[in-house]
Every structure is written in C-alpha cells, then in structure tokens.
Amino acid sequence: MVSIWVTDSFERKDMERDLLAKLLINLSKSREGMLNQNHLIKGFESVLATLEDAVNDAPKAGEFLGRLLAKVISENVLPFTKIGKLIYEGGEEQGRLVELGLAAEVVGTILETIKSEKGDSVVNEIRASSSLKLEKFRHPDPKRSRRLDKFI
C-alpha cells in the first residue's frame, strides 16, 4: 500500500504529495498504529527498488521522494540513519541508486527540505545523530552530486 501510494504520487501535484506525507505520518502516529515502522520501511524499500524505472516516467521522482522522506524524518516517524541505509542499498540491484546518482539526489533533497522547513540547527542535529557518511552517496562523477555536495 505504501509503495503504491508513493509511486503513484510521483505523477501528482505537490499539494497531493504533501497530503500523502501527512497521511503516512498520521497513520504512523495514530493511537491505533495503523502503520508501523516496518510497514513504512518495506514500502520505501519497494519504491527504492523501482526508482530507476520511475524516473523514466517522472524525471523528478528522486526529488519528490526526497521531500516525502524529509517530512517522515523531521516528524520522527523514521530515523535518517534507517532511511539512509535503505537509499544506499536501494535499486534494482543493491547499490544501483548510488551508481546512477539517484542516491545523491534523494539524500540531497532530504537535507535541503529539512533545512528549508526546520533550519540549519535541525539538519545539523539529524546529521550528527546519524552514523551516515554522506560521501558514500555521491555519484562517481562529482559534477552530478551538486545537491548533496552542499552538505559534505
């Protein structure tokens, strides 16, 4: 369900993607706990496994996914460390998103979004509390990692 909703959102408007982020957060934080961390992780794993194909239909899919993940992280639904691990290992084959530069796009967008919505101090706190080495997400061609390079 999570995977279908997120993948479908790539071809929607920003407002609809924002509403999806709110829905996922509310379903995760509700008393009934309709969605738990494992549901979200499995859903995002599935999205990351097909992101390479999704970018063919929706070229900004990596950016859109990064914005959604930023909201999930900043609302303390999933930790940046866990999301980062999913992104690093993601793709049709493990690590393929790094090779394609999509990992740098998604992680860079996550950090940009959190910075613009919550400020430098929150980004720095999230980065400090995670064990992620941002350099590992860079595309092999440094010219293609500009969005992420601002945070390295």
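The values are calculated or read from the model by the stated rules, or taken from the named source; none is laboratory data. Just so we're clear, the structure is a prediction, and the values are computed from it rather than from any experiment. FYI the Cβ positions are ideal-geometry reconstructions off the backbone, even for glycines, and counts take in every protein chain you see.
Pull out all pairs, ordered by first then second residue, where Cβ-Cβ is under 9 Å, the residues are six or more apart or on different chains, the first lies in segment 27-38 and is without any contact (Cβ under 8 Å) to a residue 40 or more places away in the chain and under 18 Å from residue 82 (Cβ atoms), and the second is among the hydrophobic types (A, V, I, L, M, F, W, C) and assigned to a helix (DSSP H, G or I). Pairs found: 33/27; 35/2; 35/24; 35/27.
Right, residue 143: surrounded by fewer than 14 Cβ atoms within 10 Å (Cβ to Cβ) and either at pLDDT below 95 or touching a helix residue (DSSP H, G or I) at 6+ places or on another chain (Cβ under 7 Å) (or both) or not?
Yes; evaluated as a whole, the condition is true for this residue.
Of all the listed residues (86, 69, 97), the sole one being assigned to a helix (DSSP H, G or I), more than 17 Å from residue 126 (Cβ to Cβ) and hydrophobic (A, V, I, L, M, F, W, C) is 97. Under the condition of being loosely packed, with under 15 Cβ neighbours inside 10 Å and either at pLDDT below 95 or in contact with a strand residue (DSSP E or B) (Cβ under 8 Å, 6 or more places away or on another chain) (or both), the residues counted in segment 60-101 number 6.
Only one entry in 104, 70 is closer than 22 Å to residue 27 by Cβ and of a type in the set (Gly, Ala, Ser), namely 70. From the list 116, 131, the one residue that fits, being part of a helix (DSSP H, G or I), surrounded by fewer than 17 Cβ atoms within 10 Å (Cβ to Cβ), over 14 Å from the mean Cα position of the chain (by Cα) and not charged (D, E, K, R), is 116.
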